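Notes for the one structure printed next.
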Amino acid sequence: MLRKVWAGTAVGLLALSLAACNNSDTGGDGGDAGSGNEPIVLGFSQVGAESGWRTANTTSIKESAAEAGIELKFDDAQGKQENQITAIRNFIQQKVDVIAFSPKVETGFETVLKEAKDAGIPVILTDRAVDTQDKTLYKSFLGSDFVKEGRLSGEWLVNEMKSATGDVNIVELQGTTGSAPANDRKKGFAEAIAKDPKLKVIASQSGDFTRAGGKQVMEQFVKANPKIDVLFAHNDDMGLGALEAITAAGKVPGKDIKIITIDAVKDGMQALADGKFNFIAECSPLLGPQLMELVKKVNKGESVPARIETQETTFTQEQAKAALPTRKY
Ligand code: AHR
């Protein structure tokens with residue numbers, strides 16, 4: 001009888017020590033927040049759900065946090081900067097371990113970022129940058145080179161139009177006013193097309209990165225301008241919305257009006273493969289896995305690169321046809 005009790009106790013102790021080993025493995029990976037085995041708590045403020053890109057980005061962040069064993073407090077700001085500032089203040093009050101966010105616009109975050117720094121909570125910028133004097137207010141910025149995306153779009157057009165005669169009239173659908181991708185894509189595109197004086201931007205307005213915005217602004221563009229040769233849309237969604245306005249005006253998208261967009265989400269790639277778009281510069285929304293690696297590092301106090309640039313490519317119609325079957329988003 002006594003022997004049986006000892007044997008039971010030994011099995012129990014072995015099970016306990018194995019469980020402890022397993023927990024510390026998890027802790028070293030994702031759950032290293034405090035002295036115990038509790039998971040890292042990440043507060044993430046998302047801009048909203050304005051586009052297919054944004055939806056894919058939200059999915060990537062949620063799935064990657066779950067895989068990494070990181071507890072995610074996710075807030076959707078519904079397109080409002082003031083909601084992002086409130087969410088960040090809430091994260092500070094809740095004493096999360098790390099804050100990450102995709103800032104709607106470049107300016108106006110300095111005060112709240114200083115509050116996070118004073119509270120000792122590291123901040124990681126994802127997708128979009130902020131324009132602050134003090135670069136120590138955040139640890140790292142993970143995201144695309146938006147100027148490059150605009151430049152690649154413009155360079156494609158310069159080459160495409162090299163043998164065209166007469167003025168090439170371009171209309172531009174800008175992203176959200178004041179946002180990094182809208183500012184930077186406009187800049188990169190303008191720099192590239194400046195090499196050919198016959199390429200002229202005759203109208204440029206914000207469609208706020210949405211399909212509805214793209215459709216509405218393109219309707220105004222086609223009404224006001226009898227000759228439009230090219231549309232440069234700062235994202236696929238606005239380009240997709242514009243397709244409806246172009247067709248309703250009796251023009252053939254991709255032929256009468258050449259269309260260049262940015263993102264390469266599935267619907268955009270389908271439009272490109274179908275010949276309705278002509279060129280897409282990719283902007284990857286799959287930032288989740290890299291973000292979680294950064295979160296673990298800054299939580300441990302390790303140094304991280306100030307800038308991590310996403311690897312991206314471009315697509316022509318033929319390349320879109322080949323890439324579509326395996327496209328993840
Ligand atoms: O910041 C990334 C941009 O935001 C994407 O290109 C656009 O689709 C999104 O809304």
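The values are calculated or read from the model by the stated rules, or taken from the named source; none is laboratory data. Worth saying up front: this structure is predicted, and the values here are computed from it rather than measured. Because the Cβ atoms are built from the backbone with ideal geometry, glycine has one as well, and the counts that use them run over all protein chains shown. All accessible areas refer to the heavy atoms of the entire protein, side chains included, with ligands and DNA or RNA removed. Shrake-Rupley method; radii C 1.70, N 1.55, O 1.52, S 1.80 Å.
What the table shows:
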{"quantity": "Within-11-Å neighbourhood charge of Val252 [Cβ basis; K, R +1; D, E -1]", "calculated": "+3"}
{"quantity": "Proximal charge balance of Gly108 [Cβ under 11 Å; K/R count +1, D/E count -1]", "calculated": "-3"}
{"quantity": "Solvent-accessible area of Lys321 with every protein chain in place, 1.4 Å probe, in Å² to the nearest 10", "calculated": "100 Å²"}
{"quantity": "Magnitude of the charge dipole, the chain, Cβ model with Lys/Arg +1 and Asp/Glu -1, debye to 20", "calculated": "200 debye"}
{"quantity": "Area accessible to solvent at Arg151, 1.4 Å probe radius, in Å²", "calculated": "90 Å²"}
{"quantity": "Rule-of-thumb Rg ratio for the chain [Cα; 2.2 N^0.38 Å; N residues]", "calculated": "1.21"}
{"quantity": "Accessible area per residue in Å² at 1.4 Å probe, computed on segment 224-329", "calculated": "42 Å²"}
{"quantity": "Partner aspartates and glutamates for Lys162 [C-alpha distance under 18 Å; skip if fewer than 8 residues away on the same chain]", "calculated": "Glu191, Asp196, Asp229, Asp256"}
{"quantity": "Beta bridges by DSSP in segment 146-283, antiparallel share as percent, to the nearest 5", "calculated": "0 percent"}
{"quantity": "Extension reserve of the Ser163-Asp274 stretch, reckoned as 0.36 nm per residue once the Cα distance is removed", "calculated": "37.5 nm"}
{"quantity": "Of all DSSP beta bridges in the chain, antiparallel share, percent nearest 5", "calculated": "5 percent"}
{"quantity": "Which of Val252, Thr316, Gly69, positive extreme of dipole for the chain (C-beta unit charges)", "calculated": "Val252"}
{"quantity": "Label-point gap, in nm, between Ala323 and Ala194 - each point 7 angstrom along Cα→Cβ", "calculated": "2.8 nm"}
{"quantity": "Along principal axes, Cα extents of segment 146-283, largest first, whole Å", "calculated": "32, 32, 28"}
{"quantity": "Net lengthening on full extension, Ala49/Lys227 (0.36 nm per residue, minus Cα-Cα)", "calculated": "60.7 nm"}
{"quantity": "FRET efficiency estimate (nearest 0.05) - Cβ-Cβ, Glu302 to Lys187, R0 22 angstrom", "calculated": "0.05"}
{"quantity": "Difference of contour (0.36 nm per residue) and Cα-Cα distance, Leu286 to Thr316", "calculated": "8.7 nm"}
{"quantity": "Ellipticity estimate at 222 nm from DSSP helix runs (n ≥ 4, -39,500 (n - 2.57)) divided over the chain, nearest 500", "calculated": "-14500 deg cm²/dmol"}
{"quantity": "Cβ-defined net charge surrounding Lys135, 12 Å radius [Lys, Arg +1; Asp, Glu -1]", "calculated": "0"}
